[in-house]
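S.K.: If you scroll down you'll find the structure; I have some questions about it.
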């Protein structure tokens, strides 16, 4: 790997607050998300990640698929500089400093593949609407995760709480609900298609029944 001694690793904390560069040393919960993403990576589209941090997860995917270009967006300039320096030998990986979603939109190609793990709950209402209207217009496929129905977000860094109906709105036709130890995380693989068709396949409108029946279920 590249020489990163000149950079302050302690400041390079982006997503997950980690500066760990060894993928195998990440927590199983973090690795699970990227291990799942491997199965859904596209054949030829550009792959983008929101909140990529220093890029350790995206670097893992880039080494798995050297035929694809991987671009990580992160608002922490320290994390970007550290990641680009450390992972500089991975030629199909690039980390980009994006202080807001407008700059993300400007740097995205159409028909892209999006990774959005534990990001959307940190967006305020204005930025969430921008994500729905602008960012998602560039996306053909996505993998995502965020907390389900977090009743009390006061005192946390989360600004949004999502129900199953919100998932249908943002990612109509999600294919998996992932449940984790007493809490529920939405985690899904999404492909752009007609929303009505997917709702007919689901066939359940009640929130509780949909969650119980379709946890860990793939269409």
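The values are calculated or read from the model by the stated rules, or taken from the named source; none is laboratory data. What you see is a predicted model, and the numbers here were worked out from it, not measured in a lab. Using ideal geometry, Cβ is built from the backbone for each residue, glycine included, and neighbour counts are taken over all protein chains shown.
S.K.: Which residues, counting only those in the stretch 9-56, are modelled with pLDDT under 55, in contact with a helix residue (DSSP H, G or I) (Cβ under 7 Å, 6 or more places away or on another chain) and either surrounded by fewer than 19 Cβ atoms within 10 Å (Cβ to Cβ) or at positive phi (or both)?
M.R.: 9, 11, 13, 16
S.K.: Check residue 79 against each of (1) out of contact with any strand residue (DSSP E or B) (no Cβ under 9 Å at 6 or more places or on another chain); (2) closer than 27 Å to residue 156 by Cα and name the one condition it does not meet.
M.R.: Only one criterion in (1) out of contact with any strand residue (DSSP E or B) (no Cβ under 9 Å at 6 or more places or on another chain); (2) closer than 27 Å to residue 156 by Cα is unmet by residue 79, namely (1).
S.K.: While we're on this one: On the basis of being over 13 Å from the mean Cα position of the chain (by Cα) and either at pLDDT below 95 or within 24 Å of residue 28 (Cβ to Cβ) (or both), does residue 145 make the cut? Break it down into steps so the answer makes sense when it comes.
M.R.: Working: over 13 Å from the mean Cα position of the chain (by Cα): no; either at pLDDT below 95 or within 24 Å of residue 28 (Cβ to Cβ) (or both): yes.
Taking the combined requirement at face value, the residue does not satisfy it.
S.K.: Another question about this same structure. Mind listing whichever residues of the stretch 158-175 are in contact with a helix residue (DSSP H, G or I) (Cβ under 8 Å, 6 or more places away or on another chain) and either closer than 18 Å to residue 39 by Cα or at pLDDT below 80 (or both)? Quick ask: steps written out before the conclusion?
M.R.: Start the filter on the stretch 158-175 by keeping residues that are in contact with a helix residue (DSSP H, G or I) (Cβ under 8 Å, 6 or more places away or on another chain), which leaves 158-165, 168-170, 172-174.
Once the filter is applied, which keeps residues that are in contact with a helix residue (DSSP H, G or I) (Cβ under 8 Å, 6 or more places away or on another chain) and either closer than 18 Å to residue 39 by Cα or at pLDDT below 80 (or both), the stretch 158-175 yields 163, 164, 165, 168, 172, 173, 174.
S.K.: Something else now. Just one of 102, 74 is within 20 Å of residue 160 (Cα to Cα), modelled with pLDDT of 95 or more and either over 16 Å from the mean Cα position of the chain (by Cα) or buried (at least 19 other Cβ atoms within 10 Å of the Cβ) (or both); which is it?
M.R.: Details: 74 fails: modelled with pLDDT of 95 or more.
Step by step, each of 102, 74 is checked, and only 102 is within 20 Å of residue 160 (Cα to Cα), modelled with pLDDT of 95 or more and either over 16 Å from the mean Cα position of the chain (by Cα) or buried (at least 19 other Cβ atoms within 10 Å of the Cβ) (or both).
S.K.: For the stretch 82-99, give me each residue that is out of contact with any helix residue (DSSP H, G or I) (no Cβ under 9 Å at 6 or more places or on another chain) and buried (at least 20 other Cβ atoms within 10 Å of the Cβ).
M.R.: 84
S.K.: Checking residue 140 against (1) under 13 Å from the mean Cα position of the chain (by Cα); (2) within 22 Å of residue 41 (Cα to Cα); (3) at pLDDT 80 or above: exactly one of these is not met. Which one?
M.R.: That leaves (1) as the condition not met.
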